[in-house]
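Engineer: Here it is: the structure, laid out below.
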Amino acid sequence: MSLKHLLATKFQLNIPSNVKENLQNQVILITGAAGSIGSELSKVLLEQANCQLILLDQHEFGLYKLQQELRMIDAETNVEFVLADICDKIRINQIFKKWKPTLVYHAAACKHVSLMEKYPYEAIKVNLKGTIILANAAIKHNVQQFVLISTDKAVYPSSIMGASKRLAELYISDVQQSNKCGFKVIRFGNIPYSNGSVLPLFEQQLKQGVPITITHEKVTRYFITMNNVCAALLQVPTITDGDLLVCEMGKPIAIIELAKALANKMLSNKEMVAFNFIGLQPGEKLHESLYYKEETFLTKEGNLNVYMCSFEDKHRLKLLKKIAKISPETSFDTVQQMILNVIPSYKE
């Protein structure tokens, strides 16, 4: 993907007719609906499909803001805005019982790498426990399909955040073997201008005329546009093979090259751009990976690579449930050791 393409925030989505037909008349629950992916996905679904949306988030103002945005584009018909915490088991089951979703897009997550190193309990609670509660509710209430939105940071994780997302992937892998609900995991890289994206920070620093802060001169990341994310998510329910989907994102991009491209775009007189290398932050690594070596490639569907990685491991399932029960008082070292018992490559 070129930098020019990467920095493009909007372009026309071309959704295949079979994808649109698959979404017709479905009741679709989106968790983390007020977030970057959830809000954009909800807008695309309203534009592309005749379906009912259940938009769930615990962020009150974010959900209110999304509600106002949908009203402005006259797209609030067949939409329910639900204020709820995915870690509240009773509340989640009430929601599933009341609205009977047929398809769940699980986008809610704690995503900030360095911050989650400081608050591991929150990462485990939301990313693992929340996923367990939602997946179990999907099974109990006969949801047809469940899509866990994951990240490349879950592959050979070096952070609590990445590890917590990997634990969620493994739980989905374990439960999908013995249940009728069609569980799938999809991994994405970084999304330009999403919540927490580095690009708005770079833009602010360029406008202020101060050095651009970069962790390391050799750091790289995979990038994908929000439009391609939404197109891929709409395609997922039509794919019958495999249980893991990795979106095609091209080669990883050097963050310093991204910063230079942004400077060239913003600075008309091509001033010299200064950089301040602050070092890798807690939990960060130089380069990300997209898949594990033991994950088996099956086929390619559009821009999605389809893998098979699932195998039911009842012993691992017990460990995952045990990790999900940690308390705020559980020490960082204990959390790390519990993770290592399930993900031996953690922190390697």
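Engineer: Can you work out ³J(HN,Hα) from phi for every residue in segment 299-309, in order, using Karplus 6.51 cos²θ - 1.76 cosθ + 1.60 and θ = phi - 60°, giving whole Hz and x for Gly and Pro?
Structural biologist: With coefficients 6.51, -1.76 and 1.60, one gets 6, 10, 10, x, 9, 10, 8, 9, 10, 10, 9 Hz.
Engineer: Average projected area of the Cα convex hull of segment 194-297, in nm²?
Structural biologist: On the way: hull surface 34.3 nm².
Projected over every direction and averaged, the Cα hull of segment 194-297 covers 8.6 nm².
Engineer: Now, a different point. Take every Cα-Cα pair in the chain and report what % of them are more than 30 Å apart.
Structural biologist: That fraction is 36 percent.
Engineer: I need 290, 45, 262 ordered by Cβ neighbour count within 10 Å, fewest first.
Structural biologist: Values: 290 18, 45 25, 262 22.
Starting with the residue having the fewest Cβ neighbours, the order is 290, 262, 45.
Engineer: While we're here: So which residue, out of 253, 191, 90, gets the largest mean-square fluctuation from a GNM of the chain using Cα contacts under 10 Å as springs?
Structural biologist: Of 253, 191, 90, the most mobile in the Gaussian network model is 90.
Engineer: Please give me, ordered by residue number, the GluC sites (Glu not before Pro) of segment 242-272 that lie in loop per DSSP and have at most 13 other Cβ atoms within 10 Å. The partial results should precede the final answer.
Structural biologist: Values: sites: 248, 257, 271; in loops: 248, 271.
Here the GluC sites (Glu not before Pro) that fit, given the DSSP loop and packing criteria, are 271.
Engineer: Counting only other residues whose beta carbon sits under 12 Å from that of residue 97, what net charge do I get with K and R as +1, D and E as -1?
Structural biologist: Net of charged neighbours comes to +4.
Engineer: Right, another one. Normalised by the residues of the chain, what does the relative contact order come to in percent, with Cα pairs under 8 Å and at least six apart?
Structural biologist: This gives 18 percent for the chain.
Engineer: Can you give me the three principal axis dimensions of segment 40-159 from its C-alpha atoms, in Å, biggest first?
Structural biologist: Its Cα atoms span 43, 32, 24 Å along the three principal axes.
Engineer: Which aspartates and glutamates, on any chain, are close to residue 251 with Cα under 20 Å apart, when same-chain ones fewer than 8 places away are left out?
Structural biologist: 152, 217, 284, 288, 295, 301
Values quoted throughout were computed directly from the atomic coordinates according to the rules given, and no laboratory measurement underlies them. Quantities reported herein were computed from a predicted structural model and do not represent experimental measurements. All Cβ positions, even for glycine, are placed from backbone atoms using ideal geometry, and neighbour counts span all protein chains on display.
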